[in-house]
Amino acid sequence: MSYKSDLPKKERKEIWVIVKTIIRDHHEEIMLKSKSLRDSFYIIRSYLRSDFLRTGKITKKQFDFYDDEDDAYTYLTQDIWTSLEIEGYQRPEAKPMGIVYWKGETHTVDKLEN
């Protein structure tokens, strides 16, 4: 994924490690408070602001990257949550892995042709 941000790659990587840690440590609460992936984005942002930005564990620039970067939401929803789902964490509004919806019908991945 290409980012428009001038945040160095190392610092982008660090913020995503922290985001994964927040999700793992607070998964139950995130699931209780989230009705959508968008909700989870804001809940995680709250943790980043209160637990990490205020304590100096992340920089203001890293927080702004998560908060403002258009691609950050996409990366969270399509890459971070997906990788955690493989580890067994459920994401908000997630459909079961291996299910494809096409033309109003439900198909399992193993039934689809290559």
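Report the relative contact order of segment 1-65, percent, no decimals, based on alpha-carbon pairs under 8 angstrom and at least 6 residues apart.
Worked out over segment 1-65, it gives 38 percent.
Want the number for Leu32 to Asp71: 0.36 nm per residue separation, take away the alpha-carbon distance, what's left?
Details: separation 39, 0.36 × 39 = 14.04 nm, distance 2.54 nm.
Value of the extension gain: 11.5 nm.
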Could you do me a favour and compute the accessible area per residue for segment 1-60, 1.4 Å probe, result in Å²?
-> 65
Spacing of the two label points (7 Å from each Cα toward its C-beta) at Lys9 and Thr55, in nm | 2.9
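Students often check this: by mean Cβ neighbours within 10 Å, which of 54-60, 25-31 ranks highest, and how do the rest follow? All intermediate terms of the calculation are to be shown ahead of the outcome.
Working: 54-60: 11.7, 25-31: 14.3.
By packing density, highest mean first, the sequence is 25-31, 54-60.
The values are calculated or read from the model by the stated rules, or taken from the named source; none is laboratory data. Quick caveat, the model's predicted, so the values are computed rather than measured. Cβ coordinates were reconstructed from backbone atoms using ideal geometry, including for glycine residues, and neighbour counts include every protein chain displayed. Only protein heavy atoms, including side chains, enter the accessible area calculation; ligands, DNA and RNA are left aside. Shrake-Rupley method; radii C 1.70, N 1.55, O 1.52, S 1.80 Å.
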